[in-house]
Every structure is written in structure tokens, then in C-alpha cells.
Amino acid sequence: MCGIVGYVGHQEVVPILLSGLRKLEYRGYDSAGVAVIDGEDLTTVKAEGKLDGLVGRLETRPVAGSLGVGHTRWATHGRPSERNAHPLVDSKGRLAVIHNGIIENFAELKQELLARDWTFQSETDTEVVANLLSSEFDRVGDLEEAVRRVVARLEGHYAFAAVAVGDRERRVVVARQGPPLVLGIGDGEQFLASDPTALLEHTRRVVYLENGDSAVLTADGFSVRDQAGQPVERPEHHLTWDPIQAEKGGYKHFMLKEIHEQPRALQETFAGRVNFERCSVHLEDLGISDETLQQIDRIHLLACGTSWHSALIGKFLIEELVRVPVEVDYGSEYRYRNPIVDSGVLAIGITQSGETADTLSAMEAARERGATLACICNVPGSQATRISEGSLITHAGPEVGVASTKAFTTQLVAFYLLALHLARVRGVAVAESIVRDLAHLPQAVAEALEQEEAIDALARSVHRAQDFLYLGRGINYPIALEGALKLKEISYIHAEGYPAGEMKHGPIALIDEDLPVVAIATGGKVFDKMRSNLQEAKARDGKVLVVTDRPQDFADLADAVLTVPSVGEHLQPVVNVIPLQLLAYHVGVRRGADVDQPRNLAKSVTVE
Ligand code: AGP
């Protein structure tokens with residue numbers, strides 16, 4: 001969950017590094033730094049806090065050079081501080097290392113180095129890598145060979161880049177085991193980053209390194225070696241994303257932009273995959289054969305955070321429309337429960353970034369036990385898509401805000417499409433209206449977005465609450481969980497999501513006039529039950545805020561009604577989450593929270 005950038009070429013490197021780090025700041029932002037090599041000079045500049053601190057340092061102390069690396073940090077080992085900021089330099093002052101991940105055996109390696117009189121300035125595991133590299137560099141005088149030797153001794157997950165003075169040539173040497181690294185191919189210049197959004201303004205030609213790969217980047221090109229140290233060719237991909245898409249587009253925050261992008265994003269998700277004349281869904285690009293899909297007898301959904309919430313809805317959709325049993329697991333829990341897996345299982349990782357370590361580990365665990373492996377993912381070429389036999393790409397476009405919004409709703413549509421595809425392939429009849437409802441979805445979401453002003457007014461009245469309770473039933477219970485998570489991670493207010501039927505088994509004790517109760521009560525088979533739950537909350541002076549397509553039914557009951565259009569029960573969660581996203585956003589803004597980069601969080605959690 002740190003951001004890594006690197007460059008070697010003919011341009012001044014500092015502006016390139018800073019621009020890349022700006023695009024990656026959402027991956028971690030408690031400190032940042034750059035290292036630049038100019039001839040025999042190695043200069044590092046670092047600053048605690050957001051990237052602006054580093055920018056300010058470099059404005060007062062410009063650094064020239066056209067070879068360098070940069071890093072924005074999400075602390076794992078060692079508190080956020082300038083001392084622990086990357087790049088870390090070896091104690092001989094000749095090479096610099098930036099690193100994403102965790103070196104699990106760093107303590108014993110550090111003891112070995114201390115015994116050989118190497119010294120340390122920081123608390124980081126990365127500085128151990130720097131001194132190890134320097135030690136090997138003493139032996140072989142070649143940074144690439146030194147990296148190969150050091151990598152053989154590391155345990156854990158890492159993606160690191162190193163530059164050295166006195167190396168054989170001007171180059172960046174990198175190694176990857178876990179967190180992502182992508183190379184950008186230029187003309188007389190090469191780029192490196194943790195994810196492609198940092199490369200878009202320079203090149204669309206990218207190469208994704210695989211686990212175990214090391215690579216050398218020089219101005220004239222790059223070379224890759226695999227885990228065995230053998231030269232290997234990795235395929236070149238062409239990025240289709242538009243750099244403008246990755247910018248704010250006039251919105252105050254990326255999160256708000258991405259909330260408003262949802263009508264178009266949803267359209268992109270189902271475009272070319274639905275035949276509305278024949279009312280059928282064809283996932284030609286899924287990459288899993290009809291025969292395989294006909295043979296599976298259960299599905300395991302593996303995910304974290306918001307993606308886990310979409311998996312809960314995926315369970316509802318697949319079990320109701322396809323009648324195949326579905327289990328949903330947190331990525332971080334799955335492999336520790338010794339899951340029962342065999343060739344009859346289709347395991348699907350659901351992950352916006354495609355790089356979440358917990359989800360990837362669960363996916364590998366399922367595959368090792370014989371499952372067919374697939375993913376629902378937003379980033380083509382990411383690790384999840386590369387380890388899967390088939391991928392269902394959500395096409396939401398770059399999601400920069402740490403809080404997942406359009407990625408979540410496009411995941412829900414992806415599940416909807418997958419359920420309809422599975423039903424068709426397995427000969428399970430589905431009402432044509434279920435398919436036709438999709439056509440109305442983007443417009444319905446656009447209508448829900450028109451409530452923003454009312455929602456901001458509501459945010460003004462509730463933003464000082466200390467706790468929130470979110471309630472939903474059936475397919476909308478996961479939306480209650482998602483609404484609570486959005487509020488928590490954006491505004492730092494404690495919020496819990498519960499199945500409404502559970503309220504009387506405990507949470508009802510929390511209800512009083514200071515506790516906003518946010519309920520999702522749209523038409524469907526549990527509507528009446530939801531309404532009576534809200535009467536119970538109101539009877540205890542709870543402040544009832546209801547998301548509904550039947551506002552007239554709550555005039556006497558709710559303190560606030562957030563009206564949404566109806567789209568049919570199976571797609572309704574996609575629309576119902578919109579006011580909850582906006583509520584979390586506006587409450588966060590009113591509380592002065594850093595909406596795009598909430599404290600302690602990162603966009604992609606690439607460590608377990
Ligand atoms: C959601 O708003 C959070 N940012 C977080 O829970 C996120 O959904 C989770 O870390 C999973 O990320 P992924 O979808 O990229 O795997």
C-alpha cells in the first residue's frame with residue numbers, strides 16, 4: 001500500500017517523480033521522498049506527512065538529475081516520520097532503496113548486519129534491504145547481481161527499486177514478490193510505478209512484472225529475469241485509460257467525481273454483454289468455458305471490505321437466479337478455516353485493485369485445493385487477473401478515492417451479469433424483465449444523484465453524531481453494511497450495519513434521540529417488516545432516516561426521507577447505495593475529514 005515510482009532517461013527526474021507520486025498518493029500518504037543520482041552524486045530528499053511537504057522541500061532545494069526513484073508511504077515498520085520515510089540509504093551512502101511490502105525476516109537479517117558493524121538510522125525493514133544490497137555490492141560491484149543475491153535471502157512480500165552510484169551503468173534495478181510493479185516503456189526513457197495511473201501521462205505501453213521477477217531499466221530499454229534468474233519476456237499491454245479520467249474533472253474530491261461517474265461506469269460495465277432483444281447475457285470475455293460453468297456445484301466468493309459487501313449481494317443474486325450454493329468469505333479468513341474445496345468449486349476473487357494481498361492469498365488457497373479460479377476486478381493486468389483462469393472486468397475506470405464507490409456498484413452489476421450468464425449456460429429460466437431492468441439502471445442512478453442537495457442538508461443536521469446504526473433486510477442488508485463502512489472510513493464516526501431483524505436482539509438498546517438510524521426500506525418482500533422495525537426505532541426516539549422508493553409510507557415515521565427510483569428488487573441495491581455514498585461524503589466534508597485520503601487507510605492493501 002505504498003506508492004513507488006522510478007525513472008531513467010533524458011528528462012529532469014524530479015518533476016516526473018513528483019507527478020507520479022501525486023497519482024499514487026492515495027496508496028499511502030504518511031511520508032514521501034525521492035532519491036536522485038547525478039553522476040557520482042546520490043541525493044535524497046524526504047518529508048513527513050503528505051506529498052506537499054516533499055514538494056516544498058524540493059522547491060527550496062532543487063535537485064538535478066535524470067535517474068531516480070520516489071516513494072509515498074503507508075507505514076508498516078516504524079512510525080510515520082522523516083527518519084523512516086523512503087528512500088532508505090545504506091550506511092555507506094552509495095545506494096538508495098524504496099520498498100512496498102513487509103520483509104518478514106528483517107529482524108534476523110538486521111542482527112547479522114549489526115554484527116558486521118553495519119549501522120541503522122531508521123526503524124524500517126527497508127533499511128535492512130539497503131544495507132544488504134550494499135554488502136553484496138561490495139562483493140560483486142554490480143547492482144543487478146547484488147539484487148539477485150539479496151532477494152534470495154528475503155522472506156515476505158516486497159516490491160522494491162534500487163539505484164546506486166558507482167554501478168556499471170545508469171539504471172534502476174527492481175524486484176517483485178507480491179505488491180505490484182509495472183514498467184512504462186518510453187523512447188529513450190523508461191518508467192516504473194506501483195500502478196499504471198502514474199504512467200498514463202508519459203506512456204500507454206506497460207509491462208507488468210510477475211511474482212519473482214527482477215528487472216533492470218536503462219534509458220535504452222529494460223530486461224526482465226524470472227525467479228530462476230533466467231531472462232524472460234513479459235507481454236506488453238496498451239493502457240486504454242484516458243489521463244483526464246484519472247484527474248478530478250472539476251469536482252472538489254475524487255470521491256465525489258467517482259460517485260457522479262456511476263451512471264456512465266455502470267453503462268460501461270454491461271455494454272456489449274447484454275442482448276436486450278433476446279434478453280440474454282453473454283460474457284464472451286469471461287474466459288471460463290460453458291462446460292466448466294455447467295459442471296461447478298458451488299461457488300466461493302473471496303473479498304475484503306467493500307468488495308466483500310458486493311460479494312454478499314452476489315450470493316443473493318446467484319443463489320436466487322441460478323440456484324447454485326454460494327459461500328462468501330473474507331479474504332483474510334478463508335484459508336485459515338481449512339475450506340472444503342474440490343474441482344466442483346468456482347472460486348471468485350472480488351477486488352477493485354486486483355492487488356489486495358488478503359484476497360489474493362485466499363484465491364491462491366482455493367486454486368491449490370482444486371477450484372476453478374476467476375475474479376471480478378477493475379484493473380486489467382493486475383495480479384488477480386493474472387492468477388485467474390477468467391476475469392470479469394468491471395470497466396469502472398480508474399478509482400482514485402480511497403473509499404470505493406463506482407467500483408462497488410459496478411461489481412454489483414458484474415454479479416448481476418454473471419448470474420444471468422450462469423443461468424443461461426446452465427439452462428435455468430430467468431424472467432426477461434430481470435434483463436430488461438438493466439437498461440433503466442444508469443438513469444435510475446442519475447435520478448438518485450439528483451438528491452445530493454437534500455442529502456447535504458441532512459448531513460448538516462447529523463454530522464456531529466457520535467454513532468450511527470444502519471439497517472437493511474435481505475438483499476439490502478449488505479447495503480446497510482456498506483453505508484456504515486462508507487461513513488466510518490470517510491468521517492471517522494462509529495457506524496454499524498445490521499440486519500434489521502437483528503435489532504431486537506441487542507442493538508435496539510443503543511437507540512435514543514442522539515442515534516441516527518439509517519434504514520434501507522425499498523419495495524419488496526421485506527418492506528412491511530422494515531417498516532415495523534422503523535416503528536420500533538421511532539418508539540424509542542431514534543432519529544429515523546430512510547432510503548425508500550415509497551416516501552409516502554414514511555411521512556409519519558421518518559425524520560428524513562431519501563427517495564430513490566424503483567428498478568426491480570434485484571438491482572435496487574445499486575440505486576439504494578447512492579444516497580448513502582453521498583451522505584458519507586458530505587458528513588465527512590462537514591467534519592473537515594480528508595475525504596480522498598482518510599487517515600490510516602490506503603487504496604490498495606497489498607500486505608496481509
Ligand atoms: C472500501 O471503501 C475500502 N477502501 C476497502 O474496504 C476496500 O474495499 C478493500 O480494501 C478491498 O479493496 P479491493 O477491492 O481493491 O480488493
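General remarks:
- Filtering region 464-493 to residues that are surrounded by fewer than 24 Cβ atoms within 10 Å (Cβ to Cβ) and within 16 Å of the ligand (Cβ to nearest atom) leaves Leu481, Leu485, Lys488, Glu489, Tyr492, Ile493.
- Whichever residue in region 377-392 is in contact (Cβ under 8 Å) with a residue 60 or more places away in the chain and aliphatic (A, V, I, L, M) and, among such residues, is nearest to Asp297 (Cα to Cα): Leu392
- Top-ranked residue in region 50-89 [being touching an Asp or Glu at 6+ places or on another chain (Cβ under 7 Å) and small (Gly, Ala, Ser); ranked as most open to solvent (accessible area, probe 1.4 Å)]: Ala64
- Scanning region 397-418 for residues that are part of a loop (DSSP other than H, G, I, E, B) and away from the ligand (no atom under 11 Å from the Cβ), we see that the one that is farthest from Asp437 (Cα to Cα) is Val400.
- Yes/no for Val63 being of a type in the set (A, V, I, L, M), closer than 20 Å to Ala32 by Cβ and part of a strand (DSSP E or B): no
- Long-range neighbours under 9 Å by Cβ, at least six apart or interchain, first residue closer than 16 Å to Ala423 by Cβ and more than 6 Å from the ligand (Cβ to nearest atom) within region 295-307, second open to solvent by less than 10 Å² (accessible area, probe 1.4 Å) and assigned to a helix (DSSP H, G or I): Ile296/Leu422; Ile299/Gly314; Ile299/Ile318; Ile299/Val322; Ile299/Leu422
- Apart from one condition, Asp594 fits all of (1) open to solvent by 10 Å² or more (accessible area, probe 1.4 Å); (2) away from the ligand (no atom under 16 Å from the Cβ); (3) of a type outside the set (Val, Ile, Thr); (4) under 30 Å from Tyr29 (Cα atoms); the exception is (2).
- Qualifying residue in region 367-384 (condition: under 28 Å from Ser566 (Cβ atoms), within 12 Å of the ligand (Cβ to nearest atom) and in contact with a helix residue (DSSP H, G or I) (Cβ under 9 Å, 6 or more places away or on another chain)): yes
- Count of region 423-463 residues which are part of a loop (DSSP other than H, G, I, E, B) and either open to solvent by 50 Å² or more (accessible area, probe 1.4 Å) or basic (Lys, Arg) (or both): 6
- Qualifying residue in region 422-439 (condition: within 12 Å of the ligand (Cβ to nearest atom) and of a type in the set (Asp, Glu)): no
- Restricting region 335-366 to residues that are more than 24 Å from Asn100 (Cα to Cα) and either open to solvent by less than 20 Å² (accessible area, probe 1.4 Å) or in contact with a Phe, Trp or Tyr (Cβ under 6 Å, 6 or more places away or on another chain) (or both), the residue that is nearest to the ligand (Cβ to nearest atom): Ile348
- Restricting Ala130, Ala159 to those that are in contact with a strand residue (DSSP E or B) (Cβ under 6 Å, 6 or more places away or on another chain), closer than 22 Å to Ser31 by Cβ and either open to solvent by 40 Å² or more (accessible area, probe 1.4 Å) or assigned to a helix (DSSP H, G or I) (or both) reduces the list to Ala130.
- Selection from region 90-116 of residues that are under 27 Å from the mean Cα position of the chain (by Cα), among the hydrophobic types (A, V, I, L, M, F, W, C) and buried (at least 23 other Cβ atoms within 10 Å of the Cβ): Val97, Ile98, Ile103
The values are calculated or read from the model by the stated rules, or taken from the named source; none is laboratory data. Bear in mind the structure is a predicted one, so any value in this text is a computation, not a measurement. No Cβ is skipped: glycine too gets one built from the backbone with ideal geometry, and neighbour counts run over all protein chains shown. Surface accessibility is based on the protein's heavy atoms, side chains included, excluding ligands, DNA and RNA. Shrake-Rupley method; radii C 1.70, N 1.55, O 1.52, S 1.80 Å.
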